[in-house]
Amino acid sequence: MNNSLFKTRFRKEIGYQWGVFKSVVDWTIFLYLFIPALAIGGYHYYIWWSEIPSWVNGFPLTFLFILLYFFCWEGRIRTFLKEADQLFLLQKRYLVVALKKSTRNLYVLGYSVGVLILVGILAPFLFNYYNLSWLEILMVTFYFISLKALILGWKQYLDDIVSAWKKGFFTVLLFVALGAFTFSFVTWALEQFTFLLLMIGLIQWYLFWVKSSKRIYKLTTFSKDVEVENMLKLKYVRNIFVFSEYVEKTPNQKKRSSLFYRNSKRIYNKRNRQKSLQELFIKVLFRNKMYLFQCLQISSITTAALIVIPPIWIKCMIFFGYIIILRMWIKIVYKRTMSNHFIVNVRKDDIIRIQAEHYIVNLISLPVISIVGLILILIIV
């Protein structure tokens with residue numbers, strides 16, 4: 001009964017996610033995009049074992065550890081629990097515990113394989129450029145696999161924090177503190193005593209197993225587990241909706257007061273149709289936390305890439321690509337806002353609407369691009 005419940009829900013989950021994947025990637029995309037990408041990537045990977053590309057010159061070893069560390073923070077442990085389980089499964093505690101154990105083992109194993117794949121992709125550089133031995137690479141891999149498991153366990157406890165700002169504060173604090181320790185410790189251990197990575201890795205595995213086992217046997221976290229499960233199940237669907245211009249977003253039921261423009265006062269004293277559209281979009285953009293987060297995410301990822309990647313020509317390419325992506329994103333948000341059924345005073349082909357779009361794209365993008373461009377200049381100089 002225990003394994004059959006897990007297997008049934010696992011098969012249903014695979015079928016659901018496969019349906020989501022097929023809705024985005026049809027056979028033409030797979031044939032003309034994925035297969036050539038795999039072939040080209042496999043060819044370059046084969047070449048890397050015999051000849052290291054020139055663009056790697058200047059990359060510190062810490063950069064690869066940063067990639068592994070960021071990957072360790074991706075993902076969560078799911079439970080496959082449903083709201084209807086409260087009527088039956090909570091009366092049979094052993095079924096809930098067995099289901100949570102099986103899902104924990106499944107996702108820890110899956111993410112461990114993910115770390116192995118990432119290390120395998122980086123292996124040509126670790127061997128041929130950074131001159132690490134097999135033993136050192138195995139120790140680093142074991143350390144980051146155990147770190148991945150430990151972070152997955154801590155995330156479950158962070159989800160139990162009700163206050164959003166407290167949860168954000170402890171998450172950032174843990175991310176920075178653990179990252180600083182990881183980068184300094186791994187670098188030092190590779191130079192001094194490699195087996196320390198194995199010892200700390202075993203400690204991390206022990207901490208994860210103890211904390212995770214305690215939480216598995218707690219039934220008071222059932223509501224939070226179901227909430228997180230529903231969120232993770234629809235993760236990829238939400239990502240599709242975010243980049244879809246024609247999908248209406250459902251409002252947040254726990255909506256709080258916006259940080260900007262709480263009181264709907266006029267921005268322009270002298271108003272016309274064009275300024276009305278501009279004012280409307282400015283208020284929509286700054287009142288919607290999702291839009292602000294997306295803009296911050298695009299800019300922060302670009303800034304991090306500009307700081308980490310050494311070659312100047314790659315920095316410039318990333319910056320110009322950032323300009324194109326940011327302006328395209330603003331246009332998508334503008335068209336999404338203007339597609340609302342309540343906005344009927346301006347037609348799609350009206351010159352006023354087009355002028356307002358050009359003005360808005362420049363108004364929002366130029367200050368943000370200027371800040372990132374200033375950071376680029378400071379990095380180069």
Does any residue in the stretch 98-127 that is within 23 Å of Trp154 (Cβ to Cβ) come within less than 7 Å, Cβ to Cβ, of a residue that is assigned to a helix (DSSP H, G or I) and basic (Lys, Arg) six or more places away or on a different chain, and which pairs are these? Tyr111/Lys148; Ser112/Lys148; Val115/Lys148
Does the stretch 326-333 contain any residue that is modelled with pLDDT under 80, surrounded by 13 or more Cβ atoms within 10 Å (Cβ to Cβ) and assigned to a helix (DSSP H, G or I)? no
Considering each residue of the stretch 175-209, count those that are outside any helix (DSSP H, G or I) and either within 19 Å of Gly153 (Cα to Cα) or in contact with an Asp or Glu (Cβ under 6 Å, 6 or more places away or on another chain) (or both), and give that number. 1
State whether one or more residues within the stretch 309-317 are under 19 Å from Asn362 (Cα atoms) and not aromatic (Phe, Trp, Tyr). no
I need every pair where a residue in the stretch 357-368 that is open to solvent by 20 Å² or more (accessible area, probe 1.4 Å) has its Cβ under 8 Å from the Cβ of a residue that is of a type in the set (S, T, N, Q) and at pLDDT 85 or above, sequence separation at least 6 or different chains. Val368/Ser299
Give me a count of the residues in the stretch 64-110 that are β-branched (Val, Ile, Thr), under 27 Å from Val176 (Cβ atoms) and open to solvent by less than 30 Å² (accessible area, probe 1.4 Å). 2
Kindly provide the set of residues from the stretch 138-171 that are of a type in the set (Val, Ile, Thr) and farther than 19 Å from Leu219 by Cα, ordered by number. Val140, Thr141, Ile145, Ile151, Thr171
Find all pairs meeting these conditions: Cβ atoms under 8 angstrom apart; at least six residues apart or on different chains; first residue within the stretch 61-85 and under 14 Å from Gln156 (Cβ atoms); second residue open to solvent by less than 30 Å² (accessible area, probe 1.4 Å) and of a type in the set (Phe, Trp, Tyr). Leu81/Phe222
Check off (1) outside any helix (DSSP H, G or I); (2) at pLDDT 70 or above; (3) surrounded by 13 or more Cβ atoms within 10 Å (Cβ to Cβ) for Lys224 and give me the number that stays unchecked. (1)
Within the stretch 10-32, how many residues are under 25 Å from the mean Cα position of the chain (by Cα) and either in contact (Cβ under 8 Å) with a residue 24 or more places away in the chain or open to solvent by less than 100 Å² (accessible area, probe 1.4 Å) (or both)? 15
State all residues of the stretch 40-63 that are open to solvent by 60 Å² or more (accessible area, probe 1.4 Å) and over 18 Å from Lys315 (Cβ atoms); if no residue qualifies, say none. Ile40, Tyr43, His44, Tyr45, Tyr46, Trp49, Ser50, Glu51
Could you check the stretch 137-173 and list, in sequence order, the residues that are over 30 Å from Leu198 (Cα atoms), part of a helix (DSSP H, G or I) and touching a helix residue (DSSP H, G or I) at 6+ places or on another chain (Cβ under 8 Å)? Lys167
Any residue in the stretch 200-214 that's at pLDDT below 90: show its pairings with residues that are open to solvent by 60 Å² or more (accessible area, probe 1.4 Å) and hydrophobic (A, V, I, L, M, F, W, C) at Cβ separation under 7 Å, as long as the two are six or more apart or on different chains. none
Just checking, does the stretch 155-178 include any residue being within 20 Å of the chain's Cα centre (by Cα), open to solvent by 20 Å² or more (accessible area, probe 1.4 Å), over 25 Å from Glu229 (Cα atoms) and among the small types (Gly, Ala, Ser)? yes
Quickly run through the stretch 106-135 and pick out the residues that are in contact with a Cys (Cβ under 8 Å, 6 or more places away or on another chain) and on the phi > 0 side of the Ramachandran plot. none
Search result, residues across the stretch 179-197 that are within 22 Å of the chain's Cα centre (by Cα) and polar (S, T, N, Q): Thr182
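The values are calculated or read from the model by the stated rules, or taken from the named source; none is laboratory data. In this text the structure is predicted, and so the values were computed from the model without any measurement. Methodologically, a virtual Cβ is constructed for each residue, glycine included, from the backbone with ideal geometry; neighbour enumeration extends over all protein chains shown. For the accessible areas, the whole protein counts, side chains as well, though only heavy atoms, and no ligand, DNA or RNA atoms are used. Shrake-Rupley method; radii C 1.70, N 1.55, O 1.52, S 1.80 Å.
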